[in-house]
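The values are calculated or read from the model by the stated rules, or taken from the named source; none is laboratory data. Treat the numbers as computed from the prediction; the structure is a model and nothing was measured. Positions of Cβ are generated from backbone atoms using ideal geometry, with glycine treated the same way; all protein chains shown enter the neighbour counts.
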Amino acid sequence: MTERYLEDYAVGQTFGSARIRVSEERIKAFAAEFDPQPFHVDATWASHSFFGGLAASGWHTAAMTMRLLVDGDLKPKNGIIGTGFDEFRWLRPVRPGDELHIESEILEVRDSKSRLDQGLIKVRTTTFNQNGEPVQILISNLLVPRKTA
């Protein structure tokens, strides 16, 4: 797939991704290293928790979303280089067996105020499970080079 420059993006465009299946083993492994709370690492304990069962760490969901972004259709030239988030929300738990995919919508395209060779795109990326339910929404600002300065 072709990498895109700032001029290749327009408000309202949408970009998708492939799917990634979430396994219990990966949920537990990620959590054991980065977010070792019992509802992420112990299925029995998790069944009595707020989540009512084993749930992936939100940070694991964010990491899987990043993988889907990198491999997906958005493809800014020079990679996905973020300058920050305007919004970052987890809407429902990600469970073992879930199959995630993303949709990214361009909300804004603007020139950089300080660098003529680049600009920014504001992107809403929604991560969905296999039932089409949103599990995470983030609005990010990405640096994208211009074709011409």
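Some observations on this one:
- Test result for Thr14, buried (at least 16 other Cβ atoms within 10 Å of the Cβ) and either closer than 26 Å to Gly132 by Cα or touching a residue at least 40 places away in the same chain (Cβ under 8 Å) (or both): no
- Single residue of segment 95-145 satisfying the filter (of a type in the set (Lys, Arg) and exposed (fewer than 13 other Cβ atoms within 10 Å of the Cβ)) that is nearest to the chain's Cα centre (by Cα): Arg110
- Against the numbered list (1) small (Gly, Ala, Ser); (2) touching a Gly at 6+ places or on another chain (Cβ under 6 Å); (3) at pLDDT 95 or above; (4) within 30 Å of Glu7 (Cβ to Cβ), Ser112 comes up short only at (3).
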